[in-house]
Amino acid sequence: MSKTVNRIAAIAALALAATPIIGLTAAHAGERAQPVARIAVGDLRLAQPADAREFVRRVDVAAHRVCSDRGLRGLSARACRMDFAEDLKDAMTEQQAADLRVAQRAGANIALAAN
């Protein structure tokens, strides 16, 4: 009888030890890789209004692609595009941001915002 109890206790101890590993594996499997969007700017002079508008158009296309790939719709998609625009602003160099401000002052109606 004591052998049976010892075996059951050993099996229970192994099961309890394996539980966190199973939990971590399941949590990791549920994670999705963050999508990466690349926006070409090498061919644009962002200080020029026409090029600034083209840049904003490319940003909008990339934002819509990323958010739709995540399966978001409605207000969630709008919030995703707003987050995308904020992340983009953070990723831009100071020179790029300054060039966009120059284009805006020159009359380009541009805004990095959700549509």
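Please treat every number below as a calculation from the coordinates, not as lab data. Nothing here was measured: the structure is a model prediction, and the numbers come from that model. Neighbour counts run over all protein chains shown; Cβ positions are idealised from the backbone, glycine included.
For the stretch 51-73, name all the residues that are of a type in the set (D, E, K, R), free of Cβ contacts under 8 Å to residues at least 24 places away in the same chain and in a helix (DSSP H, G or I). Explain how you work it out, then say what you get.
Looking only at the stretch 51-73, we keep the residues that are of a type in the set (D, E, K, R), and these are 51, 53-54, 57-58, 60, 65, 69-70, 73.
Those left that are additionally free of Cβ contacts under 8 Å to residues at least 24 places away in the same chain: 54, 57-58, 73.
Correct list: Glu54, Arg57, Arg58.
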Name the residues in the stretch 83-100 that are surrounded by 15 or more Cβ atoms within 10 Å (Cβ to Cβ) and either in a helix (DSSP H, G or I) or touching a residue at least 12 places away in the same chain (Cβ under 8 Å) (or both), would you? Phe84, Ala85, Leu88, Gln96, Asp99, Leu100
Looking at (1) in contact with a Leu (Cβ under 9 Å, 6 or more places away or on another chain); (2) over 14 Å from Ala111 (Cα atoms); (3) of a type in the set (A, V, I, L, M); (4) surrounded by 17 or more Cβ atoms within 10 Å (Cβ to Cβ), find the lone condition where Ile39 falls short. (4)
